[in-house]
Amino acid sequence: MVRILIVEDDRVIAESLCVHLARWGWDPVLVEDFSDVSGVFVKTKPHLVLMDIGLPFYDGYHWCTQIRAISPVPVVFLSSASDNMNIVMAVQTGGDDFIVKPFDLSVLSAKIQAMLRRTYDYGPATPLLEHRGEVLHLAEATLVWQGERIPLTRNEFGILTALMERRGAVVSRDTLMKRLWESDLFVDDNTLNVNIARLRKKLEDVGLADFIETRKGLGYCLGDA
C-alpha cells in the first residue's frame, strides 16, 4: 500500500487530508512530533510526502532538505504562501511540486496519482541508459560514473532520463517541463532553470562538467566531450 506522510500542523487540514487519502486506498500517516520530521520519515518509509511550509520548530524547507539528503522520495509542498520566492525556495530545497492552499481535494488526488505514476512506474523498458561511459540506472534512479553511484532526486532523474533517451538530439524546455510537471500552474522558466542548475552542480562535483549543454532558444542536449 502506498504510504503518504502528511507534515501539516493545522489539525483540521491534516485530518481532512488523512480521511480523503484513506478513501483513495492510500495509507496516510500524520506527523505528531514536528521537532523530528526526518526521524518520522525514516521510521515510516513513505512513498510520498505532503509538506506544509509554516511549521513549529523548523519550516518545511528545512525538513525537505533533510529528507532530500537521504531519499529521492517525492515531496509536494502545500502552502498559502504562493509568491515566487516561496516557489523557488521549494524547488531549491528539493521539492517536486507546489500546491497552493486552499486547494480542491480532487485536484490534490490527481496530482498525487500523477506523481506516484511518474516516480514508481515510469520509464522505458530497458533498465539502463548509457552515454560516454555514464550509466543511468532507471530502477534505482542513480547515475554511475567511474564506479561512483550518484543519487538523484525525482526531477534530476526525469531530466537525465529525457536527455539520455534522446542523446544526440536537443530536448526542448517545453518537453522537459511537461515531463516533470503535468500542470503549468506551478512551472515557469525559473523553476526549470533551478532544477537544471542544481543537477549541473551535482554532476560537476563528481567531474562531469559540461555533461548538459544549453542550446540557446532550443533547449538542452548531452555534451559529446
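No lab work stands behind these numbers, since they all come straight from the coordinates. Fair warning: this is a prediction, and the values are worked out from it, not measured in the lab. All Cβ positions, even for glycine, are placed from backbone atoms using ideal geometry, and neighbour counts span all protein chains on display.
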(request) Distance check, please: which entries in Lys43/Lys111; Lys45/Lys101; Lys101/Lys202; Lys45/Lys111; Lys45/Lys202 exceed 29 angstrom between their Cα atoms? (result) Lys101/Lys202
(request) Calculate, for Thr175 and Arg11, the FRET efficiency according to 1/(1 + (r/R0)^6) with r their C-beta to C-beta distance and R0 35 Å; round to the nearest 0.05. (result) 0.25
(message) Looking at region 70-149, I'd like the Rg to Rh ratio, where Rg is from alpha-carbon atoms and Rh is Kirkwood's inverse mean 1/r.
(response) 1.09
(message) Nothing charged except the Cβ atoms of Lys and Arg (+1) and of Asp and Glu (-1): what's the magnitude of the dipole of region 3-121 about its Cα centre? Round to the nearest 20 debye.
(response) 440
(request) Evaluate the charge dipole of the chain about its Cα centre and quote only its size in Debye, nearest 20, assuming +1 on the Cβ of each Lys and Arg and -1 on the Cβ of each Asp and Glu. (result) 560
(message) Over all directions, how big on average is the projection of the convex hull of the alpha-carbon atoms in region 128-222, in square nanometres?
(response) 5.8
(request) Please tell me the relative contact order of region 128-222 in percent, rounded to the nearest whole number, where contacts are Cα pairs under 8 Å and at least six residues apart. (result) 23
(request) Could you check the simple spin-label distance between Glu130 and Asp205, using points 7 Å along Cα→Cβ, in nm with one decimal? (result) 2.7
(request) Would you mind computing, in nm to one decimal, how far apart the modelled labels at Gln92 and Arg166 are, each placed 7 Å from Cα along Cα→Cβ? (result) 2.9
(message) How large are Rg and Dmax for region 3-121 when calculated on the C-alpha trace, in angstrom?
(response) 12.9, 35
